[in-house]
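A quick write-up on the structure given underneath.
The values are calculated or read from the model by the stated rules, or taken from the named source; none is laboratory data. Bear in mind the structure is a predicted one, so any value in this text is a computation, not a measurement. In this analysis, Cβ positions are derived from the backbone assuming ideal geometry, glycine residues included, and neighbour counts consider all displayed protein chains. SASA here: full protein model, heavy atoms, side chains in, ligands and nucleic acids out. Shrake-Rupley method; radii C 1.70, N 1.55, O 1.52, S 1.80 Å.
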Amino acid sequence: LEFRRVLFRFEILTASKESILLLLYEGCIRFLKQAAQAIVQKNIPEKALLIGKAQNIVNELRATLDHQKGGELATSLDALYDFISQRLIAANTDNSVEKIQEAIEILSSLHEAWKQAIHSLKNENKNL
């Protein structure tokens with residue numbers, strides 16, 4: 001377990017911004033899937049902890065948006081992150097797997113879109 005932590009820290013410290021973005025999405029989705037499972041198992045303290053972790057990631061994603069450089073894209077992402085935050089608050093309050101699933105679907109779509117954009121950008125840079 002300790003080796004995995006050291007390896008993960010190394011990966012984070014040496015990762016590109018793009019890789020870190022994808023890791024944040026993946027972590028958020030993983031925490032939300034675990035939170036949904038905790039609701040099913042009626043483990044409310046675990047559910048609250050996991051939703052809190054996911055909310056922290058969403059808050060970080062939102063805080064790092066550059067509205068000057070990102071323009072309309074940053075505004076759209078900000079609105080999506082706000083919607084996800086509202087779903088997570090409601091899911092935590094209502095113990096709602098459905099609201100968590102809504103958040104997971106949006107985050108999964110964003111993760112896939114970023115993954116494709118990063119792949120396309122890398123291919124463009126190879127061709128230069």
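Do any trypsin sites (Lys or Arg not before Pro) in region 35-128 lie in a DSSP loop with no more than 11 other beta carbon atoms within 10 Å, and if so, which?
Values: sites: Lys42, Lys47, Lys53, Arg62, Lys69, Arg87, Lys99, Lys115, Lys122, Lys126; in loops: Lys42.
Within region 35-128, the qualifying trypsin sites (Lys or Arg not before Pro) (loop, at most 11 other Cβ atoms within 10 Å) are Lys42.
Once you compute Rg and the Kirkwood Rh from C-alpha atoms, what is the Rg to Rh ratio for the chain?
1.02
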Within the set Gln101, Gln116, Gln37, GNM on the chain using Cα springs under 10 Å gives the largest fluctuation to Gln116
Under Stokes-Einstein, region 59-128 at 25 °C and 0.890 mPa s, with its Kirkwood radius over C-alpha pairs, diffuses with a coefficient in µm²/s of 180
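Find the accessible area per residue for region 78-128; the probe is 1.4 Å, ligands and nucleic acids are left out, and the unit is Å².
On the way: 3200 Å² over 51 residues.
Accessible area per residue, region 78-128: 63 Å².
Take the cross-link list Lys69/Lys122; Lys47/Lys69; Lys42/Lys115; Lys17/Lys42; Lys33/Lys69; Lys33/Lys115 and give me the ones stretching past 26 Å between alpha-carbons.
On the way: Lys69/Lys122 20 Å; Lys47/Lys69 36 Å; Lys42/Lys115 34 Å; Lys17/Lys42 37 Å; Lys33/Lys69 33 Å; Lys33/Lys115 20 Å.
Pairs exceeding 26 Å: Lys47/Lys69; Lys42/Lys115; Lys17/Lys42; Lys33/Lys69.
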